[in-house]
Structures are given as structure tokens and as C-alpha cells.
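Enquirer: Just passing along the structure, written as C-alpha cells.
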Amino acid sequence: MITLEHLLNPNWPAHSRVRAYVTTRLGGHSQEAFASFNLAKHVGDNEQHVNANRLALRELLSLEREPMWLSQTHSTLVVTHDEYESGIEADASIAREPGHVCVVMTADCLPILITNQQGDEVAAIHAGWRGLCDGIIEATCKAFHTPLPECLAWIGPGIGPAGFEVDSDVYDAFIAADKASVIAFTPLGERRYRGDLVQLAKQRLAKCGLTAVYGGEHCTFSDNESFYSYRRDKETGRMATLIWFE
């Protein structure tokens, strides 16, 4: 059964009213490829197991309401807590009232959290390479009410450079969007590159004016015991990264 020891806590100087956690793959009901704390219903897992995991998480964290689960499609769509409805398509959410839990699911893509110094506005972003390249960070920052220089961000577990080898189409897309992205890619020969998603995310956040960025040290691809990784396993579950304020 899941306990707080199965979760990660962001190491960042957020306001004391802000709560944030990242689940691991440990402590749940799912079996086989999804063992054991899968929170996604779209990956082929037994839905009863997923529902049991979601309920256990809600009870563990004493959440007053269900987290704002999104239908993630690698888009640049952002929803606020007052726009949210179950199953809504978006890849980021923002909450400006207590108790509304922003959440994104990942298994290599970057989960990114944002909050302000007052702890009364929070956001969660799902940033895979497509969304990152297309501007999901910029879209979320634009929708954030607090001036970005007054905010801080935390980058959760995602695939590290050692596991993120890509073809030229990914490299070309980032360079076309921002030539400065070149510093986040290491050539491997024959139009293959090793990409650093954390570096790319930090670049985008900085251009939005948000430079107080923490995290980015956990690699999903290399840590099979703690994290799901789609690139590593193909058939696999999803972790959740949650943030809200009290």
C-alpha cells in the first residue's frame, strides 16, 4: 500500500501553503508491465487497478476533491481550475483557489511545476518534446497571472540526455523554433543527436522571465526501480506530478 515514503517531494523554496508531490511506480495495485502504482487509464492497464491507485493517492494526501486529470495530447492547451471538466484536452493546468489540484502524468516527458512567492497560484505542465518545442511552457506562462520573475519552477523526473537519442527531425524542429536550442543537443553522427530536455525547458522558462528553476536531476529512463519509462519499456504506466495550495 502506498505511503508518503513512495513519493518524491520537490526540493524548492515554495511557500508553506503549497503542496507538491510526484508518485513513483511503487506502492500500488497494478500488475505486470504496469507494476505497481500506475495512474493512467489510457495505457491498457486494468481500470479497477487504476481507480484503486487513484483512490489510494487521494486518501493518502487527504485531497478534498479529485485532481484535475487531463487528456494529454502533447498540445499547447492550458486550462484553469474554473474551466476544468473531466476528460478535458490540455497539457497544463492552473489553479488560483485552494484545494484545486493540478496534475500531469508522465513516463519520460518532463513534469514542470510553477508557483508564486505568495503561494496562491500554481501550475502543472506536461512537457514532452513536441509540446516543449511547440510552446506549452510559453502558453502556461502567458496564462499565469503572477509576473514570472516573481515565480519559481521545479522540473520533475523525465528522460535524461543519456536515454534521449533523437533523429534530425526533432533537432530541426527545435532549431527552427529557437536557434539557441543547439546547445541542448550533442551530435552522435548520421543525423542522430542526444537531447537534453531539462536544458531546453530551462531555456524556455528563462525566455519567459522565470529563472528560479529547481529540480531536473531524476532520470526516468535510467531508474527502472522508481520510474516508468515509455522509451525504455513501451508498455508501461504513468507517474503523476501534483501541485495545489491550502
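Just so it is clear, none of the values below were taken in a lab; they were calculated from the coordinates. The structure displayed is predicted, hence computed values, not measured ones. Because the Cβ atoms are built from the backbone with ideal geometry, glycine has one as well, and the counts that use them run over all protein chains shown.
Enquirer: P(r) for the range 47-94: what percent of alpha-carbon pairs falls in each 10 Å bin, starting at zero?
Expert: 25, 43, 31, 1
Enquirer: Work out how much length residue 71 to residue 59 would gain on full extension: take 0.36 nm times their residue separation and subtract the Cα-Cα distance, in nm to one decimal.
Expert: Full-extension gain reported as 2.1 nm.
Enquirer: Hey, what's the Kirkwood Rh for the range 1-139 if you take every pair of different alpha carbons, in angstrom?
Expert: Mean inverse Cα-Cα distance, inverted, gives 15.6 Å.
Enquirer: Can you tell me the Rg and Dmax of the range 1-48, counting just the alpha carbons, in angstroms?
Expert: In order Rg, Dmax, the Cα atoms of the range 1-48 give 13.4, 39 Å.
Enquirer: Next up: How about the chain: what cysteines have no other cysteine beta carbon under 4.7 Å from their own?
Expert: 102, 109, 133, 151, 219
Enquirer: Put a dot 7 Å past each Cα toward the Cβ at residue 4 and residue 178; how far apart are the dots in nm?
Expert: The answer from the label model is 3.6 nm.
Enquirer: Another one. Provide, for q = 0.17 Å⁻¹, the log10 of I(q)/I(0) from a solvent-free Debye sum over equal Cα point scatterers in the range 128-246.
Expert: -0.94
Enquirer: Could you pull out every residue, at least 5 positions away or on a different chain, whose amide H is within less than 5 Å of the one on residue 218? Hs are placed 1.01 Å off N in the peptide plane, and Pro or chain starts have none.
Expert: Those qualifying (amide H under 5 Å, at least 5 residues apart or on another chain) are 158.
Enquirer: Could you work out the relative contact order of the range 1-110? I mean the mean sequence separation of Cα pairs under 8 Å and 6+ apart, divided by the number of residues, in percent.
Expert: Relative contact order for the range 1-110 comes out at 17 percent.
Enquirer: Under 15 Å from a point placed 7 Å out from the Cα of residue 192 along the Cα-to-Cβ direction: which residues of the range 157-178 have their backbone N that close?
Expert: Counting backbone N atoms under 15 Å from the label point, the list is 162-171.
Enquirer: OK, next. In the range 173-246, if the dipole is taken from +1 on Lys/Arg beta carbons and -1 on Asp/Glu beta carbons about the Cα centre, which of 214, 244, 197 is farthest to the positive end?
Expert: Towards the positive end, the residue furthest out is 197.
Enquirer: Where the only charges are on Cβ atoms (+1 Lys, Arg; -1 Asp, Glu), what is the dipole of the range 130-202 about its Cα centre, to the nearest 20 debye?
Expert: In total the dipole reaches around 100 debye.
Enquirer: What spacing in nm lies between the two simple spin-label points modelled at residue 89 and residue 142, each 7 Å away from Cα in the Cβ direction?
Expert: Simple spin-label model gives 1.8 nm for this pair.
Enquirer: Take the cross-link list 179/202; 202/234; 41/142; 179/207 and give me the ones stretching past 20 Å between alpha-carbons.
Expert: 202/234; 41/142
Enquirer: Okay, next question. I'm checking a number: the convex hull volume of the Cα atoms of the range 13-93, normalised per residue, in Å³. What is it?
Expert: So the per-residue Cα hull volume is 133 Å³.
Enquirer: With a 10 Å Cβ neighbour count serving as the proxy for reagent exposure, in which order, fewest first, do 102, 208, 151 appear?
Expert: 208, 151, 102
Enquirer: Pairs of alpha-carbon atoms within less than 8 angstrom and 6+ residues apart define the contacts here; what relative contact order does the range 54-142 have, in percent?
Expert: With pairs under 8 Å counted, the relative contact order is 28 percent.
Enquirer: With a 10 Å Cβ neighbour count serving as the proxy for reagent exposure, in which order, fewest first, do 159, 175 appear?
Expert: Ordered from fewest to most neighbouring Cβ atoms within 10 Å, 159, 175 come out as 175, 159.
Enquirer: Sticking with this one: Where Rh is the Kirkwood radius over the Cα pairs of the range 159-217, the temperature 4 °C and the viscosity 1.567 mPa s, what D in µm²/s does Stokes-Einstein return?
Expert: For the chosen part, D equals 109 µm²/s.
Enquirer: Still on this model: From Cα pairs below 8 angstrom and at least 6 apart in sequence, can you work out the relative contact order of the chain, rounded to a whole percent?
Expert: With pairs under 8 Å counted, the relative contact order is 26 percent.
Enquirer: Hey, could you pull the Cα Rg and Dmax for the range 95-176, both in Å?
Expert: Over the range 95-176's Cα set, Rg and Dmax evaluate to 14.3, 44 Å.
Enquirer: Can you work out ³J(HN,Hα) from phi for every residue in the range 31-48, in order, using Karplus 6.51 cos²θ - 1.76 cosθ + 1.60 and θ = phi - 60°, giving whole Hz and x for Gly and Pro?
Expert: For the range 31-48, the Karplus-derived couplings read 10, 6, 4, 9, 4, 10, 10, 6, 10, 9, 8, 9, 10, x, 6, 4, 5, 5 Hz, x marking Gly and Pro.
Enquirer: Among 59, 225, what is the fewest-to-most ranking by other Cβ atoms within 10 Å?
Expert: 225, 59
Enquirer: With +1 on each Lys and Arg Cβ and -1 on each Asp and Glu Cβ, how big is the dipole of the range 68-179 about its Cα centre, in debye rounded to the nearest 20?
Expert: With only Lys, Arg, Asp and Glu charged at Cβ, the dipole is about 200 debye.
Enquirer: Which label belongs to the value computed from this structure, given these candidates for Kirkwood radius over Cα pairs in Å: (1) 19.3; (2) 17.9; (3) 18.5?
Expert: It is the one labelled (2).
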